[in-house]
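Remarks on the structure that follows.
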Amino acid sequence: MSHAQRPAPAAWVGIDVSKDTLDACFLPAGGKPRSRSFGNDPAGHAELLTWAGDGGPADGPLGFCLESTGAYGEALAQSWAGAGRHVSVVNPARVKYAGLMRGQGNKTDRADAKLIAEYAARERPPAWQPPRPEVRELQALVRRRDDLRAPAAGEKGRLAAPGLSRAARQSIRRTAAFLGREADRLQRQADGVITATAALQADRELLESIPGVGAVAAQAILAELPDPARFASAQQAAAYAGLAPREYGSGTSVRRRTRLSKAGNARLRKALYLPTLTAIRFNPRLKAFFERLVAAGKARMAAVGACMRKLLMIAYGVLKNRAPFDPSWSSRSAP
């Protein structure tokens, strides 16, 4: 049964995920909530399903809702969504502000699970769609590559510290070299996954037609940006990455600078930063856009953020329309 054909949940289970435990709150429609903790392992997942099923509604399916807070909930979401259950993975910022609005005082795992269940019952978030197996593999490789690049850069920076002994300097160089080699190996593996998959290969060629988007950036976009069919517009794709502008104003006197929301996929935002700096120099559309914003009085970093948003919208456009980058087309379709 497709996501569109699946009946809407009649009741919800909110799940607060940590490394070792799952704190669950079952919230029946119009009933009293009940809570329990389970282990975050296959046995605990099965026990949670049994517990939730025992109290589930007889006239409709259950929905399970958890926050997108890292790797600890991925196995559960992948397994249950693959089995056809309604699993929603929601932005934790939305749940947090919903709790503040409702006056939540306690900050415990049990209270958080109840808050997630109440948020799901009220907002009825859509079912999460797991990426295809090859995209999951690509995502794992790209994320691990990036996780190694960061400490490698840190080690190289330590070489500038004065007073290092010869032995310490050699250790730093060996560590940085090892991390760099391992990151390069993972990048080659990620490239192999793309090359071996016709759809990913075609998508990479479309992305690399955009001036400023190279092989590394294309890998990151393919790994982190969901299927464009999931978004109704380029603006929604930008919002997914936390690149939507957020205005702040009150009355006639309070006006603060418009900032990026940053309530979205941080890895995708980070992957777009350096390509955007390149695009500002070599992509005529991004260069003109950047210069126009700066000339209008925008701070340079604010203009870079706006260009990051525009670059992602262009990437969405070429993938959605299955056509290489065309400067004149992008100026009309990616405002």
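Things worth noting here:
- Summed side-chain charge close to P211 - residues other than P211 whose Cβ falls under 12 Å, Lys, Arg +1, Asp, Glu -1: +1
- For T21, distant residues with modelled amide H under 5 Å away: N40
- Candidate values [x] 5, 21, 26, 25, 17, 5, 1, 0; [y] 5, 19, 21, 15, 12, 10, 8, 5, 2, 1, 1, 0; [z] 6, 25, 33, 23, 10, 3, 0, label of the one derived for P(r) over Cα pairs in 10 Å bins from 0, in percent: [x]
- The charge dipole of the chain, taken about its Cα centre with unit charges on the Cβ atoms of Lys, Arg (+1), Asp and Glu (-1) only, comes to about 1640 debye.
- A Förster radius of 35 Å combined with the Cβ-Cβ distance from E47 to R185 puts the calculated FRET efficiency at roughly 0.35.
- Cross-link pairs exceeding 23 Å in C-alpha to C-alpha distance, out of K19/K156; K19/K107; K287/K310; K19/K96; K32/K107, comprise K19/K156.
- Residue-averaged [θ]222 nm for the chain, counting only DSSP H segments that reach four residues, each worth -39500 (n - 2.57): -18500 deg cm²/dmol
- Principal-axis analysis of the Cα atoms of the chain puts helix 42-54 at an angle of about 40° to the longest axis.
- Helix 109-123 and the long axis of the chain differ in direction by around 90°, with both axes built from C-alpha atoms.
- For the chain, the solvent-accessible area of protein heavy atoms averages 54 Å² per residue (probe radius 1.4 Å; ligands and nucleic acids excluded).
- Under-5 Å amide H pairs with S88, H placed in peptide plane, nonlocal only: F64, C65, L66, W128
- Here the accessible area of the stretch 15-167 is 51 percent carbon and sulfur, with a 1.4 angstrom probe and all protein chains present.
- Top of Q236, Q170, Q219 by mean-square fluctuation, Gaussian network on the chain, Cα under 10 Å: Q170
- Environment charge of R122, counting only residues whose C-beta is closer than 12 Å and scoring Lys/Arg +1, Asp/Glu -1: +1
- Applying the Karplus relation 6.51 cos²θ - 1.76 cosθ + 1.60 with θ = phi - 60° to the stretch 309-320 yields 3J(HN,Hα) values of 4, 5, 5, 5, 5, 5, 4, 4, x, 5, 6, 5 Hz, where x marks Gly and Pro.
- For N265, distant residues with modelled amide H under 5 Å away: A241, G242
- Residue-count net charge about G39 - beta-carbon cut-off 12 Å; Lys, Arg +1, Asp, Glu -1: -2
- Check: the stretch 80-236 dipole with +1 on Lys, Arg Cβ and -1 on Asp, Glu Cβ, in debye: 760 debye
- Rounded to the nearest 20, the Cβ-based charge dipole of the stretch 27-169 about its Cα centre (Lys and Arg +1, Asp and Glu -1) stands at 660 debye.
The values are calculated or read from the model by the stated rules, or taken from the named source; none is laboratory data. Values in this document were obtained by computation on a predicted structure and should not be read as measured data. Backbone-built Cβ (ideal geometry, glycine too); neighbour counts: all protein chains shown. Just so you know, the surface numbers come from the protein's heavy atoms only, side chains and all, with ligands and any DNA or RNA stripped out. Shrake-Rupley method; radii C 1.70, N 1.55, O 1.52, S 1.80 Å.
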